[in-house]
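First up is the structure itself, then whatever we jot down about it.
The values are calculated or read from the model by the stated rules, or taken from the named source; none is laboratory data. If you're wondering where the values come from, they're calculated on a predicted model, not measured in any experiment. Using ideal geometry, Cβ is built from the backbone for each residue, glycine included, and neighbour counts are taken over all protein chains shown.
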Amino acid sequence: MKNYNWAVLLVLALVLSTSCRVHDGLTRNENQHQTQVVLSGKNYRIIKYVEGDASARYCFGIGGGKSQRGMVARARENMLANAGLIGKSRAVINETVETQYKQSFFMTEVRYIVSAYVVEFYDPATDPAPEAEESRYVEPAKPAKPAPPTVVTKGLTAGVSLQPDESSWDYNYTHKPGFHLGYMLEFSRPDIKYLFWGTQLNLTYLNTNTTYKNNPWSYEKNLCIEIPALIGAKFPVGRNFQWFIKGGPTIGIILMNQEYSSNNQEDNRYGGSAPSVGGELYSGLQLGRNFQLSAGHRWNIGYYEYDYTKVSLSYLF
């Protein structure tokens with residue numbers, strides 16, 4: 001158990017530490033590639049400033065394709081391509097490396113920018129001074145686009161709740177159709193195609209007749225207040241229809257009222273409440289923007305037999 005707790009804490013700390021988005025730049029001097037020419041005379045001129053970059057992405061520190069030294073070498077190669085040294089009496093000086101980090105959840109993006117000044121040599125006695133050229137910069141990192149606002153869709157839902165008849169030993173359980181009512185919320189983002197998430201506040205009524213050796217035993221009426229957490233997807237079907245599927249866990253409370261028909265019972269009536277935990281899965285069609293017709297099942301986890309199938313008609317607004 002202790003090892004399990006430590007593992008949970010470690011995962012939680014990892015999520016919290018990687019779920020932020022930061023940016024920082026670190027600059028350091030890279031002198032191992034400096035020119036061996038002594039710049040003490042007046043035989044040169046700084047003609048431009050150049051940059052080159054390379055980037056890599058890592059998930060949990062894995063990926064990127066190359067080591068840090070390899071990424072810096074690639075950035076320097078791009079910088080030299082912008083310097084235009086080939087075929088001319090030029091060299092680069094004051095070479096520096098800037099490192100930028102962007103972290104978003106489990107993904108880290110590292111960008112290396114190598115910069116330097118380009119000098120061109122000439123003979124002041126016979127040659128005119130070289131003209132300055134336009135500096136070459138890497139494109140700045142594009143700022144993240146602001147997330148579009150979340151679209152909230154509200155609605156009302158109602159329908160029938162069905163349970164199959166069952167038998168166990170000498171007991172027979174007969175279920176009459178029940179009903180359910182609810183208030184629903186759906187959330188979606190325009191930049192996340194097809195997916196949505198939502199929740200509902202549901203009130204469900206079920207009733208059960210129980211017989212023992214074909215004699216009346218009890219009559220049970222249950223009300224359950226539930227709040228599911230659902231995630232789903234919608235796909236267009238034709239011009240006016242969308243097929244959707246959604247599911248997720250649900251929690252609630254069962255309000256029980258059971259009346260016994262047998263005179264052998266010490267207490268002819270039982271009332272109480274119990275927690276309800278389970279899962280739901282539904283599928284259906286949406287017509288236009290306002291109507292949904294769906295069917296699905298609700299599974300209970302625990303002692304009480306609170307599984308049922310429901311057919312719903314919803315109005316969205």
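For the range 34-73, filtered to residues that are at pLDDT 75 or above and under 28 Å from the mean Cα position of the chain (by Cα), the residue that is nearest to PRO128 (Cα to Cα) is ALA54. Note on the range 119-139: among residues that are of a type outside the set (D, E, K, R), within 60 Å of the chain's Cα centre (by Cα) and in a loop (DSSP other than H, G, I, E, B), the one that is farthest from ARG90 (Cα to Cα) is VAL138.
Restricted to the range 212-233, and to residues there that are over 12 Å from GLU280 (Cβ atoms) and out of contact with any Ser or Thr (no Cβ under 9 Å at 6 or more places or on another chain), the residue that is surrounded by the most Cβ atoms within 10 Å (Cβ to Cβ) is ALA233.
Of the strands (runs of 3 or more DSSP E) lying entirely inside the range 161-225, those containing at least 3 residues that are of a type in the set (Gly, Ala, Ser) are 171-188.
Return the total of residues in the range 209-238 being at pLDDT below 85 and closer than 22 Å to ILE301 by Cα. The qualifying residues number 1. Would you confirm, using the coordinates I've provided, whether PRO143 is modelled with pLDDT under 85 and either over 21 Å from ASN257 (Cα atoms) or assigned to a strand (DSSP E or B) (or both)? Spelling it out, PRO143 is indeed modelled with pLDDT under 85 and either over 21 Å from ASN257 (Cα atoms) or assigned to a strand (DSSP E or B) (or both). Among the residues making up the range 114-165, those that are touching a residue at least 40 places away in the same chain (Cβ under 8 Å) and among the hydroxyl-bearing types (Ser, Thr, Tyr) are SER115, TYR117, TYR122, SER135, TYR137, THR153, THR157, SER161. Selection over the range 99-124 of residues that are of a type in the set (D, E, K, R) and crowded, with 17+ Cβ neighbours inside 10 Å gives a count of 3.
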